[in-house]
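Reading through the structure tokens given below for one structure.
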Amino acid sequence: MEARIDKWLWAARIFKTRSIAADACKNGRVTINNVNVKPSRPVKVGEVVAVRKPPVTYSFKVLKTIEMRVGAKLLPEIYENVTTPDQYELLEMNRISGFVDRARGTGRPTKKERRSLDAFIEPSFEGFEFDDDDEWEE
């Protein structure tokens with residue numbers, strides 16, 4: 001028995017919707033036996049499906065081909081997770097690092113950057129005295 005790869009990825013709960021699974025196939029993030037696949041490619045029992053969800057590439061060995069979504073408890077019957085441990089280490093390192101990879105000047109400004117922006121746009125007039133006492137001559 002065979003099933004379309006986009007349907008299988010959705011039914012095996014790897015992607016939330018079938019359209020997201022199809023887009024992942026079109027964008028080259030899904031491979032079967034190290035070959036990029038189209039959403040309509042049939043998947044067979046025993047094949048290894050690799051899904052790249054940056055920064056990690058997950059690998060699954062197909063145990064059963066299905067086209068209808070199943071409950072989470074039945075997933076061990078559908079596929080075997082054969083993702084290498086170094087991929088999970090990469091995910092953990094990314095989680096620990098936090099916002100270290102944010103390039104300066106991208107995204108929302110930090111509190112310090114925001115204050116310096118405000119000071120630049122609206123300079124303060126501290127130390128400057130206004131002469132309100134001057135009378136206008138008519």
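Quick note: the coordinates plus some simple rules give every number you see, no bench work behind them. Here the structure is a predicted model, which is why all the values come from computation and not from measurement. Cβ atoms come from the backbone with ideal geometry, glycine included; neighbour counts cover every protein chain shown.
Below, the figures for the structure above:
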{"quantity": "Long-range amide H partners of ALA3 with built H, under 5 Å", "calculated": "VAL43"}
{"quantity": "Amide hydrogen neighbours beyond the local backbone of TYR79, cut-off 5 Å, H modeled", "calculated": "LEU63"}
{"quantity": "Extension gain, LYS61 back to ASN81 (0.36 nm per residue minus Cα-Cα distance, nm)", "calculated": "6.6 nm"}
{"quantity": "HN-Hα J in Hz across region 70-86 - Karplus 6.51, -1.76, 1.60, θ = phi - 60°, x for Gly and Pro", "calculated": "10, x, 5, 5, 8, 4, x, 7, 8, 8, 10, 7, 10, 5, 6, x, 5"}
{"quantity": "Amide H contacts under 5 Å for VAL37, placed H, 5+ residues apart", "calculated": "VAL30, ILE32"}
{"quantity": "Length added when fully stretched, ASN34-VAL48, from 0.36 nm per residue minus Cα-Cα", "calculated": "4.2 nm"}
{"quantity": "Over region 1-114: Kirkwood hydrodynamic radius from C-alpha pairwise inverse distances, Å", "calculated": "15.6 Å"}
{"quantity": "Ordering of 11-19, 33-41 by burial proxy (mean other Cβ atoms within 10 Å per residue, highest first)", "calculated": "11-19, 33-41"}
